[in-house]
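Peer 1: Let me give you the structure first, and then I'll get to my questions.
The values are calculated or read from the model by the stated rules, or taken from the named source; none is laboratory data. All values reported here derive from a predicted model rather than from experimental measurement. Note: ideal-geometry Cβ built from the backbone for every residue, glycine included; neighbour counts use all protein chains shown.
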Amino acid sequence: MLVTTSYDPTQELLDKACKLSEAWGGFYVPRHKLSIEQLRLRNGDQAVLLVTKEEIRYYGEGRPAFFFHPSMAAIRVKRLLRGEKDPLLEASGVVERDHVLDCTAGLASDSILFSFAAGEHGVVTAIESERVPALLIMEGLQGYHSDIPGLNEAMRRIQVKHTDHLAYLRTLEPQSVDTIYFDPMFRSPLEQSNSISPLRDVANGEAITLETILQARRVARKSIVLKESKDSLEFARLGFDSVARSSTKTTYGVIRL
């Protein structure tokens, strides 16, 4: 992965690009006046991480750039502020002061929602096994600014860990987390999802294992939640006996403890 900056970077931006390159196994290259495609051709690498003052963008092969953004979390938080309910919070039962473990963070949209709901005395830990999304959310959750009341604070409170969720679950004490959440790449992809398509190439596409659910049952106090397409066979395979009705293409399976 090449790491570079926007044109005419400040020293601070150069230092940041170099540190990210060292920390995440990239290869720093000066931008000069080269385009992203010229950098690729010159250095023989299709993956480019572009560090700018505003954000960090990842360019993969044959895909548009993607970057951290609260996305639907911002809209859902606005709805909560208007007194509306959210299907994920209803399914999971997450309330203030809860400890939530998001085992498949992706770009952290659901982690943000959980953090907002759990409040300043709650704890949300976001697990992301893959390098690129982990990097983007670690940086983005700390640097992104929103004018929505409480959203910045919710993002800053999230603890991101770049690790495998099963390995992490094995380290936790019994009944040490209120809710454990899984939103894996669907077995039958919803190809029209524009927000997910660029992420799919660098995301972990493995299915949730039965051992993972056994560990989640050991660790969770309140609920285990799985997001999947509403007709998915994963709910039955993994033992989710409660599946929420849905008018959309996705829904939530819940194991209540």
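For every residue, the table says whether it meets (1) in contact with a strand residue (DSSP E or B) (Cβ under 8 Å, 6 or more places away or on another chain); (2) over 28 Å from E206 (Cβ atoms); (3) of a type outside the set (S, T, N, Q); (4) outside any helix (DSSP H, G or I).
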{"residue": "A74", "(1), (2), (3), (4)": "no, yes, yes, no"}
{"residue": "V77", "(1), (2), (3), (4)": "no, yes, yes, no"}
{"residue": "A105", "(1), (2), (3), (4)": "yes, no, yes, yes"}
{"residue": "V124", "(1), (2), (3), (4)": "yes, no, yes, yes"}
{"residue": "A134", "(1), (2), (3), (4)": "yes, no, yes, no"}
{"residue": "M138", "(1), (2), (3), (4)": "yes, no, yes, no"}
{"residue": "H145", "(1), (2), (3), (4)": "no, yes, yes, yes"}
{"residue": "P149", "(1), (2), (3), (4)": "no, yes, yes, yes"}
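Peer 1: Among the residues of the stretch 228-254, how many are surrounded by fewer than 19 Cβ atoms within 10 Å (Cβ to Cβ), on the phi < 0 side of the Ramachandran plot and outside any helix (DSSP H, G or I)?
Peer 2: Here the count works out to 14.
Peer 1: Any residue at all in the stretch 69-80 that's of a type in the set (D, E, K, R), at negative phi and over 24 Å from the mean Cα position of the chain (by Cα)?
Peer 2: no
Peer 1: Let me ask you something else. Given the conditions (1) surrounded by 22 or more Cβ atoms within 10 Å (Cβ to Cβ); (2) outside any loop (DSSP other than H, G, I, E, B), and given that P70 satisfies all but one, which numbered condition is not satisfied?
Peer 2: That leaves (2) as the condition not met.
Peer 1: Sticking with this structure for a sec: Of the residues V77, V160, V123, V94, only one is surrounded by fewer than 21 Cβ atoms within 10 Å (Cβ to Cβ), aliphatic (A, V, I, L, M) and not assigned by TED's automatic domain parsing to the domain that holds W24; which?
Peer 2: Just one listed residue meets the conditions, V123.
Peer 1: F67 passes all but one of (1) among the hydrophobic types (A, V, I, L, M, F, W, C); (2) at pLDDT 95 or above; (3) touching a helix residue (DSSP H, G or I) at 6+ places or on another chain (Cβ under 8 Å); which number fails?
Peer 2: Going through (1) among the hydrophobic types (A, V, I, L, M, F, W, C); (2) at pLDDT 95 or above; (3) touching a helix residue (DSSP H, G or I) at 6+ places or on another chain (Cβ under 8 Å) one by one, F67 breaks only (2).
Peer 1: Quick one: which residue in T171, T125 is of a type in the set (S, T, Y), on the phi < 0 side of the Ramachandran plot and in contact (Cβ under 8 Å) with a residue 12 or more places away in the chain?
Peer 2: Only one candidate qualifies: T125.
Peer 1: Residues to consider are H145, H165; find the one that is crowded, with 19+ Cβ neighbours inside 10 Å and over 12 Å from the mean Cα position of the chain (by Cα).
Peer 2: Unique residue meeting the criteria: H165.
Peer 1: Applying the selection to the stretch 3-58, what residues are of a type in the set (F, W, Y) and surrounded by 15 or more Cβ atoms within 10 Å (Cβ to Cβ)?
Peer 2: Across the stretch 3-58, the qualifying residues are W24, Y28, Y58.
Peer 1: Could you list all residues from the stretch 26-53 that are touching a helix residue (DSSP H, G or I) at 6+ places or on another chain (Cβ under 7 Å) and not aliphatic (A, V, I, L, M)?
Peer 2: Within the stretch 26-53, G26, F27, Y28, Q46, K53 qualify.
Peer 1: Got at least one residue in the stretch 183-200 being at pLDDT 90 or above and on the phi < 0 side of the Ramachandran plot?
Peer 2: Checked the stretch 183-200: at least one residue is at pLDDT 90 or above and on the phi < 0 side of the Ramachandran plot.
Peer 1: If I56 passes every condition in (1) aliphatic (A, V, I, L, M); (2) outside the structural domain of E22 (by TED's automatic domain parsing); (3) over 16 Å from K227 (Cα atoms); (4) in contact with a helix residue (DSSP H, G or I) (Cβ under 7 Å, 6 or more places away or on another chain) but one, which one does it miss?
Peer 2: Against the list (1) aliphatic (A, V, I, L, M); (2) outside the structural domain of E22 (by TED's automatic domain parsing); (3) over 16 Å from K227 (Cα atoms); (4) in contact with a helix residue (DSSP H, G or I) (Cβ under 7 Å, 6 or more places away or on another chain), I56 comes up short only on (2).
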